[in-house]
1. Rounded, prolate or oblate for the stretch 460-591? Axes are the square roots of the Cα gyration tensor eigenvalues, ordered a ≥ b ≥ c, and the cut-off for rounded is a/c under 1.5.
2. So if each residue of separation counts as 0.36 nm, and I subtract the Cα-Cα distance between residue 92 and residue 272, what length gain in nm does that give?
3. Can you list the aspartates and glutamates whose alpha carbon sits under 15 Å from that of residue 553, skipping same-chain ones fewer than 8 residues off?
4. Which whole-percent values make up P(r) of the stretch 272-340 when all C-alpha to C-alpha distances are grouped in 10 Å steps starting at zero?
5. Could you tell me which of the pairs 272/382; 41/318; 163/379; 69/102 are separated by over 24 angstrom between their Cα atoms in the structure shown?
6. For 552, 309, give the ranking by accessible area with the largest first, probe 1.4 Å.
7. Bins of 10 Å, beginning at zero and ending with the bin holding the largest distance: percent of Cα pairs per bin for the stretch 244-311, please.
8. Under the 0.36 nm per residue contour assumption, what length would be gained going from the current alpha-carbon distance of residue 161 and residue 298 to full extension?
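The values are calculated or read from the model by the stated rules, or taken from the named source; none is laboratory data. Just so it is clear, the structure is predicted and the values come from calculations on it, not from any experiment. Cβ placement follows ideal geometry from the backbone for every residue including glycine, while neighbour counts extend to all protein chains displayed. For the accessible areas, the whole protein counts, side chains as well, though only heavy atoms, and no ligand, DNA or RNA atoms are used. Shrake-Rupley method; radii C 1.70, N 1.55, O 1.52, S 1.80 Å.
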Amino acid sequence: SFAGLAAGAQKRRGARRSTARRAVQTAFKTVESDRIFTEAKDLMPGGVSSPVRAFKSVGGNPIVFDRVKGAYAWDVDGNKYIDYVGTWGPAIIGHADDEVLKALSEQMQKGTSFGAPSALENVLAKMVIEAVPSVEMVRFTNSGTEACMGMIRLVRAYTKREKVIKFEGCYHGHADAFLVQAGLWRVASPMPQALRGAPAVPEAARADVPKGQSSTGAFAVAALSGMAMGVTRRHARNVARKAFKTVESDRIFTEAQELMPGGVSSPVRAFKSVGGNPVVFDRVKGAYAWDVDGNKYIDYVGTWGPAIIGHADDEVLKALNEQMQKGTSFGAPSALENVLAKMVIEAVPSVEMVRFTNSGTEACMGMIRLVRAYTKREKVIKFEGCYHGHADAFLVQAGSGVATLGLPDSPGVPKGATAGTLCATYNDLASVEALLKENEVAAVILEPVVGNAGFIPPTKEFLVGLRELSTKYGALLVFDEVMTGFRIAYGGAQAYFGVTPDVTCLGKVIGGGLPVGAYGGRRDIMEMVAPAGPMYQAGTLSGNPLAMTAGIKTMERLKQPGSYEHLDKVTGKLINGILQAGKDAGHAVCG
């Protein structure tokens, strides 16, 4: 009888298992995920913003997620999952934690980015220093890759030695120096043994670094609100003397100097070129900024570009708040990446596919590896005074006396890392052709309008000539439009000047105040990027839904009729007013 009972129980258990399997088979559909991923493969290399998401090592299509909360994730087909990955680490206290969302929502009302010091940096820096035994000072970056890139340059600069030891299977981001036997890459995107060191990583660079952001000039927020309202100059000066106090800014910056190198998270914020202490900001809205002492400013910088439609725009904040309830990061594909990718491809003439990154520096870093992989050449031409982020290969300015020697411009950059970087003179086609004749060049890379060595517009003949010379000598033409993209025109400088490069780098505006970069170009070139091809580049937070949302809403606003006419009108009024004021005061000014 016991045997009969046991047999009956086993039969019932078997029936339950069979029922459960049928229920899963019935319920688990991926129709919408498959549709979105199929579309994504036409927009982004391998259909993803980071290779590990492509399911190459497990087979099948990746799941496209819609929302996350706590330990759970839901895909676009409504299937529910227990998430053991936690967006590859960040969601250690669970997704969309209520306390975190509340704090984020409160901060967003004060602004998503200042481009200047804030007291919050000190708070987090002190927490990191207190928690981590080795840390006495800290530098914040946009990603783990940028952190490791800065670190390797730092240890070389400090020790005055170039060689580093890493361990097989350890992954330290996708800076060239670390793409040697890097475990995550081989697991996520299996490649031939011969490519283990990464295609397009120059031999000399496999012991290389990057840094922590090159200075681009003085932080130039303008006058007090009293001056902006048109009171007399003398009265405004008197008001400023009485009202303008920086006691709290000075206190916070003094503390910051003990916590972060130079007291800032990016050198340009330190006021080195203008003197005095930097201003520490508390909040921003529209065209205005308020510091921690309550002083009000007109902000002509717009957090160095992203705030093109004004700080803390109500439409952008509403969309961000809605997305935050669904999660800040998935570590997996989301439909929002497709939306922004289609907008970029539609807007920018050269872009047929796009890869999202966490910053303009990461975009340029991926771009230079890509052009080398595609052309199978190592040397690139850049222009004196042009800034392309802080990857080693670009940290070359070289004055006119050594314009073609490729000498590194920062301590900690090995000579080998810049040996393949040739420098030409902007607006001088002869200097470019001389280098192209003498070298097998992978790409000619430039800011189509120089913004990091003063303002230098190109001649139309120069840009057209670069297009022709690049084609003639088998090199790719690359526009770094991190600054000009969606600013000079909706389609960037290439649309404005009517010259189409092969590859374009983007950033700033497409993040709408959150950290985003991108590089894109012709489909045949972009299909070299992993997981579609062998050229590796990745990022845990690349294409995260918050950044995509901010970019989408910002670009929707810019696309509205009259946006660029308005920008041109107000900018022209400002420029002409400054020029006239200078001339009235007897100064020789131009612009």
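1. Numbers: a/c = 2.58, a/b = 1.45, b/c = 1.77.
It is oblate, given that a/c is not under 1.5 and a/b is not larger than b/c.
2. Details: separation 180, 0.36 × 180 = 64.80 nm, distance 3.86 nm.
Computed gain between residue 92 and residue 272 is 60.9 nm.
3. 313, 314, 315, 322, 337
4. Taking every Cα pair in the stretch 272-340, the percentages come to 16, 34, 29, 16, 4.
5. Values: 272/382 26 Å; 41/318 30 Å; 163/379 22 Å; 69/102 14 Å.
Over 24 Å apart, Cα to Cα: 272/382; 41/318.
6. Numbers: 552 15, 309 45 Å².
The most accessible residue leads, giving 309, 552.
7. So the P(r) values, bin by bin, are 20, 48, 30, 1.
8. Values: separation 137, 0.36 × 137 = 49.32 nm, distance 4.58 nm.
Computed gain between residue 161 and residue 298 is 44.7 nm.
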